[in-house]
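Notes follow once the structure below has been shown.
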Amino acid sequence: MKLVSIPAFSDNYIWMLHDGSQALVVDPGDSAPVLDALASNQLTLAGILVTHHHGDHVGGLQGLRSVLKGPVFGPARENIPGSFTQLRDGDSIMLMGLRFDVMDVPGHTSGHIAYVTADTADQPTLFCGDTLFSAGCGRLFEGTPQQMHHSLSRLADLPGNTRVCCAHEYTLSNLKFAHAVEPHNEDLAAYTRRCEALREQGIPTLPSTIAQERLVNPFLRCAEPAVIESARAHGAASNDGTDVFAALRQWKNDFR
């Protein structure tokens, strides 16, 4: 099963899994690049997975329905355009011979879900929408710091080799903030050099892995002493993980 990132808008990725004949896509905010990818690879669109309701994730649904030969899946607690199969935490679905396990990950939006599967090489793959980014996380548009901290903690507990398929190319921007939080993190410095080299070649920094994110993502490192120290210096009320996360997220909101 081949994993492909399809660029959309200025910094979105629409993820595609295909076997050379059939394909599924995740969060198609724009139909045009998906239709181009399907046509150029002579693929049939067998299904669509949606993580949340924002327009840059669902805007292409209508334009794809005429070529779709399978279901649309999405979060039960969100309004997704058109008909779709509603999914909740703990659900599992089968599509193109793959099992996808569903996780509720509220925070960015109130009903945001993520999908976890394993490809034919038995490497888990996470489609996390805008909940987790490489070296960062989504803004809290509808959820609370407690919800998002819990959601990210659940994702951080996935196997370390899990591929992290985020929906935006925000990595370099996120790394600047991560350096401000942990200026002496050597893993962070090495990862930054690698990501800068990729972007200089026009190559996506994604997918990352859960193991990599545990080393460099401050929002997954709220129990680390250096992260706690930085968060306390920026208003964290205590060393509690939720308080640390809340301070980091507010700091990131204002970070330039």
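General remarks:
- Magnitude of the charge dipole for the chain, about its Cα centre and with charges confined to Cβ atoms of Lys, Arg (+1) and Asp, Glu (-1), is about 180 debye.
- Its Cα gyration tensor gives the range 124-247 an equivalent ellipsoid; the semi-axes, largest first and in whole Å, are 22, 17, 13.
- Take every Cα pair under 8 Å whose residues are at least 6 apart in sequence, average their separation, divide by the length of the range 67-118, and the relative contact order is 29 percent.
- With the highest mean first, a sort of the peptides 249-255, 225-231 on other beta-carbon atoms found within 10 angstrom per residue produces 225-231, 249-255.
- Choice from Met148, Met16, Met96 with maximal GNM fluctuation in the chain (Cα, 10 Å cutoff): Met96
- Among beta bridges that DSSP assigns inside the chain, antiparallel share in %, nearest 5: 65 percent
- Semi-axes of the equivalent ellipsoid for the range 1-151, Cα gyration tensor, largest first, Å: 23, 17, 15
- Remark: the Leu3-Ile203 segment gains 70.6 nm on full extension, using 0.36 nm per residue and subtracting the alpha carbon distance.
- Estimated FRET transfer efficiency (Ser173, Ser83; beta-carbon r; R0 45 Å; 0.05): 0.80
- Take every pair of alpha-carbon atoms less than 8 Å apart whose residues are at least six positions apart; their mean separation over the length of the range 2-254 yields a relative contact order of 13 percent.
- Pairwise Cα distances in the chain exceed 32 Å in 20 percent of cases.
- Fluctuation leader among Leu98, Leu188, Leu126 - the chain, Gaussian network, Cα springs under 10 angstrom: Leu98
- Evaluated with a Cβ-only charge set (Lys, Arg +1; Asp, Glu -1), the range 142-256 carries a dipole of roughly 200 debye about its Cα centre, given to the nearest 20.
- Under 27 Å of direct C-alpha separation, and excluding same-chain neighbours fewer than eight residues apart, Lys176 reaches these lysines: Lys252.
- Helix 31-40 and the longest principal axis of the C-alpha atoms of the chain enclose an angle of approximately 60°.
- Protection proxy ranking of 29-39, 198-208, 213-223, by the mean of other Cβ atoms within 10 Å over each peptide's residues and highest first, is 213-223, 29-39, 198-208.
- Highest to lowest packing among 129-138, 75-84, scored as the average C-beta count within 10 Å: 129-138, 75-84
- Farthest positive-ward along the range 2-254 dipole, Cα basis, beta-carbon charges - from Ala223, Ser238, Pro28: Pro28
- Remark: the range 143-195 carries a charge dipole of roughly 140 debye about the Cα centre, counting +1 on each Lys and Arg Cβ and -1 on each Asp and Glu Cβ.
- P(r) for the range 183-232, from all Cα pairs and a bin width of 10 Å, is 23, 48, 24, 5 %, short bins first.
Every number here is computed from the coordinates shown, using simple stated rules; none is lab data. Source: prediction; values computed, not measured. Because the Cβ atoms are built from the backbone with ideal geometry, glycine has one as well, and the counts that use them run over all protein chains shown.
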